[in-house]
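Asker: Please see the structure below; I have some questions.
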Amino acid sequence: MQFDSFTFVIFFALALGAYNALRGWSARKWLLLGASYLFYAAWNPVFVLLLAGSTTLDWWIAQRIHQAAPPARKRWIALTVVVNLSVLGLFKYHRFLLDNVAAALALGGVHYVPAEFDIVLPAGISFYTFHSLSYCIDVYRGVFAPTRSWRDYALYVGFFPQLVAGPITRWTQMRVQIESPRATTRDGLGLGCALLVLGLFEKSVLADSIFAPVADAFFNAPGAAGAAAAWSGVLAFSGQIFCDFAGYSTCAIGTALAFGFVLPTNFRLPYAALGFSDFWRRWHVSLSSWLRDYLYVSLGGNRHGEWRTYRNLMLTMLIGGLWHGAAWTFVIWGGLHGLYLAGERFVREHLWPNNWRAPGFLRAGYMLLTLLLVTLAWIFFRSPDAPTALHVITLMWPSAHGVALDAAQKLALCAFAGVVVVQWGMREREVKEFVGGLPAPALGAALGLLLAAIVLAPGDSHAFIYFQF
């Protein structure tokens with residue numbers, strides 16, 4: 001069930017109506033949990049058992065961690081990390097591991113053909129695994145005592161707006177909201193529906209109708225395209241992945257607001273980033289903060305010297321790349337961002353002190369450089385393999401051959417430029433606050449135009465890109 005489906009509209013209306021018809025907070029939480037599991041069952045009912053089983057195990061282990069003496073606490077936290085990552089590895093990385101074992105053996109002259117396993121990847125498994133891991137790690141660190149309510153914990157992990165593709169929430173962000181009564185308010189419902197429409201516009205109109213056709217046509221058959229066509233395909237994917245994922249997050253935040261819940265912001269206009277550390281404070285904020293707090297800090301962060309800091313940055317981004325998908329292209333994508341972050345840190349510490357205020361034209365140039373290098377990294381994210389990605393990069397160099405861009409490619413380029421200009425113009429603002437601050441007549445007119453565009457959008461509907469992660 002996707003946010004951009006008619007089935008979701010019916011589900012959302014029925015769930016919201018039933019939620020407000022109930023008076024007790026306990027009954028409302030049971031309703032939300034049941035609705036969340038129904039929402040998840042729309043993909044594959046069998047995987048609801050996996051979700052419930054994983055939730056129950058981590059809830060129980062968190063109790064054991066809290067009650068155990070220090071030596072036993074380490075064993076319990078190791079158990080939950082091993083179990084969660086093993087389940088994730090089985091479903092998501094088994095084929096990748098087997099293929100690489102076969103390739104390694106082939107180098108030694110051993111012919112090994114891995115058995116075929118028809119294993120379907122459960123939707124959102126990477127996201128709810130990170131929910132559970134953050135909870136158990138925080139209990140181990142003594143950040144909070146675990147909840148004794150299975151239902152409250154299960155609702156935290158499985159709350160349907162953020163279940164399949166985030167934002168990745170923390171128990172510290174959700175505990176009070178789950179334990180204290182929530183209700184639909186006029187302002188919350190209005191802003192929530194406005195954000196839902198905005199997210200659907202980003203997804204259905206920009207991502208699916210304008211960017212996806214151009215990106216797919218190019219990456220599916222790059223051939224000997226000219227530089228202009230190559231740039232149009234690469235920039236179209238840059239626009240597609242932002243509008244697709246930011247659109248989902250905006251829908252999730254808006255849907256949660258309608259029920260009285262506030263989810264954390266997941267995108268802060270990332271194509272207006274001034275540098276790569278700034279980019280990761282703006283792109284997929286809930287994942288980047290998770291990797292920082294639970295991986296980078298655990299590796300030592302920046303506490304043990306400069307070169308170990310670079311190592312920790314690189315390891316964090318390599319693992320972050322692998323989290324996105326079981327392919328070397330995702331690892332390369334993560335490695336590129338690791339190099340960007342390490343290089344930026346070196347320059348700022350040795351060549352460009354943080355307390356030196358750069359003039360405006362240098363800041364603008366750095367923003368453009370950041371956008372350019374982020375865009376080039378997306379090539380590996382989208383390409384089916386590394387040779388294809390390298391071929392695409394070679395096509396982007398100016399050349400004498402090529403054909404004129406067609407109307408769809410020109411539209412995609414203009415739309416991407418518009419996305420970038422809007423983000424630069426709103427660089428210091430939050431989208432939610434901007435939408436909420438619009439006068440009612442202006443907001444109504446804007447939503448009417450967006451709804452009309454959604455209804456009239458000619459493109460095919462695609463599954464949200466991050467569902468596969």
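Asker: What is the packing order of peptides 126-139, 338-351, taking the mean over residues of other C-beta atoms within 10 Å and listing the highest first?
Answerer: With the highest mean Cβ count within 10 Å placed first, the list reads 126-139, 338-351.
Asker: Another question, if that's okay. So how far apart, in nm, are the two label points at residue 110 and residue 311 if each is 7 Å from Cα heading toward Cβ?
Answerer: Using points 7 Å along Cα→Cβ, the separation is 2.9 nm.
Asker: Please report, in whole Å³, the volume per residue of the convex hull around the C-alpha atoms of the range 24-81. Write down the numbers at each step before the final one.
Answerer: Values: hull volume 4.6 nm³, N = 58.
Once divided by residue count, the hull of the range 24-81 is 80 Å³.
Asker: I'm checking a number: the convex hull volume of the Cα atoms of the chain, normalised per residue, in Å³. What is it?
Answerer: Per residue, the Cα convex hull of the chain comes to 182 Å³.
Asker: Now a separate question. Roughly speaking, what is the centre-to-centre gap between the range 234-302 and the range 140-203 when only Cα atoms are used, to the nearest Å?
Answerer: Rounded to whole Å, the Cα centres lie 16 Å apart.
Asker: When the convex hull of the Cα atoms of the range 188-468 is projected onto a plane and the area is averaged over all directions, what value comes out in nm²?
Answerer: On the way: hull surface 66.3 nm².
Averaging across all directions leaves 16.6 nm² for the Cα convex hull.
Asker: Moving on to the next point. I'd like the chymotrypsin sites (Phe, Trp or Tyr not before Pro) in the range 62-99 restricted to DSSP loop residues with at most 16 other Cβ atoms within 10 Å, sorted by number.
Answerer: Answer by residue number: there is no such site.
Asker: Compute the signed sum of charges (Lys and Arg +1, Asp and Glu -1) over the other residues within less than 13 Å, Cβ to Cβ, of residue 296.
Answerer: +4
Asker: Still on this structure, I have one more. Can you pull the one-decimal nm distance between simple spin-label points at residue 94 and residue 455, each 7 Å off the Cα toward Cβ?
Answerer: Using points 7 Å along Cα→Cβ, the separation is 4.7 nm.
Asker: Still on this structure, I have one more. As a footprinting exposure proxy, order 119, 393 by other Cβ within 10 Å, with the fewest listed first.
Answerer: 119, 393
Asker: Separate question: How would you rank 174, 396, 426, going from fewest to most other Cβ atoms within 10 Å of each one's own Cβ?
Answerer: Values: 174 23, 396 19, 426 14.
Least crowded to most crowded, the residues run 426, 396, 174.
Asker: How much mean residue ellipticity at 222 nm does the chain get from its helices, if each DSSP H run of length 4 or more adds -39500 (n - 2.57) and you divide by all residues, to the nearest 500 deg cm²/dmol?
Answerer: When only DSSP H runs of four or more count, the value is -21500 deg cm²/dmol.
Asker: If you don't mind, another one. 7 Å from Cα along Cα→Cβ at both residue 82 and residue 121: what's the point-to-point distance in nm?
Answerer: 2.7
Asker: Okay, moving on. Could you please report the charge total around residue 341, scoring K, R as +1 and D, E as -1 over all other residues with beta-carbon less than 15 angstrom from its beta-carbon?
Answerer: My count for the surroundings of residue 341 gives +3.
Asker: What's the local net charge at residue 200, with K and R +1, D and E -1, over the other residues with C-beta under 13 Å away?
Answerer: -3
Asker: Could you pull out every whole DSSP H run in the chain that spans at least 18 Å of Cα extent along its own axis and averages 1.0 or higher on the Kyte-Doolittle scale?
Answerer: 6-21, 94-107, 186-200, 227-258, 360-382, 407-425, 440-456
Bear in mind that the values in this text are calculations on the coordinates, not laboratory data. Please read all numbers here as calculations on a predicted model, not as lab measurements. No Cβ is skipped: glycine too gets one built from the backbone with ideal geometry, and neighbour counts run over all protein chains shown.
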